[in-house]
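*Asks:* Before I ask anything, here is the structure I am working with.
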Amino acid sequence: MHFDIGEWIIRIPVLLFSITIHEYAHGRAALWLGDPTAKRMGRLSFNPLPHIDPFGAICLFLFNFGWAKPVPVNPSYFKNIRKGIIFMSFCGPLANILTALAAGILIRYFPFPWEVYRITLIYLLLMNLGLGLFNLLPLPPLDGSHILENILPPNAALEYRKIGRYGPIILLGIIMLDNFAHTGIIRYILLGPMLFLASLFSGINF
């Protein structure tokens with residue numbers, strides 16, 4: 001694995017911020033819907049430490065794909081459980097995409113000639129787009145799976161849930177194949193939308 005200390009000095013804080021804003025958004029959305037669980041457990045915080053999953057952080061460091069510790073949610077607090085889960089699940093990826101939009105606006109309209117500034121914004125743009133779009137994939141345990149499950153009719157959702165128990169194994173297998181067999185499955189799915197949105201937000205021709 002290529003390791004550039006200068007690159008990682010910028011990359012690690014951006015990764016931690018991106019993961020934190022994602023999980024915070026889930027917790028804040030749940031609180032808006034009446035569920036105080038995340039707040040009571042200290043997860044409604046911009047401090048990255050409560051959100052770090054050690055194994056997910058290692059995978060993120062080694063394979064560029066990882067995960068944070070899921071924010072605890074009790075959907076029984078929601079007035080409409082299915083709609084509440086959809087909204088709460090969508091808010092995490094949405095927070096990342098909005099962060100990418102903010103970074104893109106700064107790149108487009110405030111192009112200060114500082115190398116660290118430019119690289120930090122590009123990382124913010126690309127990492128948040130990657131994290132947001134990746135989590136929208138309809139594969140458990142990603143947010144997209146919770147959205148899809150609660151959009152489907154009850155019978156179809158039940159069947160999807162049965163299949164979904166194998167989701168984490170499938171997801172880990174895809175990540176391993178991408179990194180060791182260079183299959184490019186995730187890149188093939190996400191790269192086009194990522195580059196389109198990056199160019200749309202920032203005006204940079206990636």
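Laboratory data are not the source of any read-out in this text; all were calculated from the coordinates shown. Remember, predicted model here, so these are calculated numbers, not experimental data. Here the Cβ is made from the backbone with ideal geometry for all residues, glycine too, and neighbour counts use every protein chain on show.
*Asks:* As an exercise: evaluate GLY167 against (1) farther than 20 Å from ALA68 by Cβ; (2) surrounded by 15 or more Cβ atoms within 10 Å (Cβ to Cβ); (3) not polar (S, T, N, Q) and give the number of the one condition it does not meet.
*Replies:* (1)
*Asks:* Out of everything in the range 150-175 that is assigned to a helix (DSSP H, G or I) and touching a residue at least 24 places away in the same chain (Cβ under 8 Å), what residue ends up being nearest to GLY27 (Cα to Cα)?
*Replies:* ASN150
*Asks:* Please find, within the range 30-44, the residue that is surrounded by the most Cβ atoms within 10 Å (Cβ to Cβ) out of those that are of a type in the set (Lys, Arg) and either over 21 Å from the mean Cα position of the chain (by Cα) or part of a loop (DSSP other than H, G, I, E, B) (or both).
*Replies:* ARG43
*Asks:* Look at the range 99-128 and say how many of its residues are more than 22 Å from ARG28 (Cβ to Cβ), under 13 Å from the mean Cα position of the chain (by Cα) and of a type in the set (Val, Ile, Thr).
*Replies:* Selection size over the range 99-128: 0.
*Asks:* Applying the selection to the range 113-148, what residues are among the charged types (D, E, K, R) and surrounded by 22 or more Cβ atoms within 10 Å (Cβ to Cβ)?
*Replies:* ASP143
*Asks:* Another question, if that's okay. Checking the structure you have, find out if any residue of the range 82-98 is crowded, with 19+ Cβ neighbours inside 10 Å, aliphatic (A, V, I, L, M), within 21 Å of the chain's Cα centre (by Cα) and more than 19 Å from SER199 (Cα to Cα).
*Replies:* Yes, there is a match, as at least one residue in the range 82-98 is crowded, with 19+ Cβ neighbours inside 10 Å, aliphatic (A, V, I, L, M), within 21 Å of the chain's Cα centre (by Cα) and more than 19 Å from SER199 (Cα to Cα).
*Asks:* Now, a different point. Is there a residue in the range 182-203 that is over 27 Å from THR99 (Cα atoms) and of a type outside the set (D, E, K, R)? Write out each step before concluding.
*Replies:* In the first step, residues of the range 182-203 are kept if they are over 27 Å from THR99 (Cα atoms); the result is 182-183.
Then keep just the ones that are of a type outside the set (D, E, K, R); that gives 182-183.
Yes, because at least one residue in the range 182-203 is over 27 Å from THR99 (Cα atoms) and of a type outside the set (D, E, K, R).
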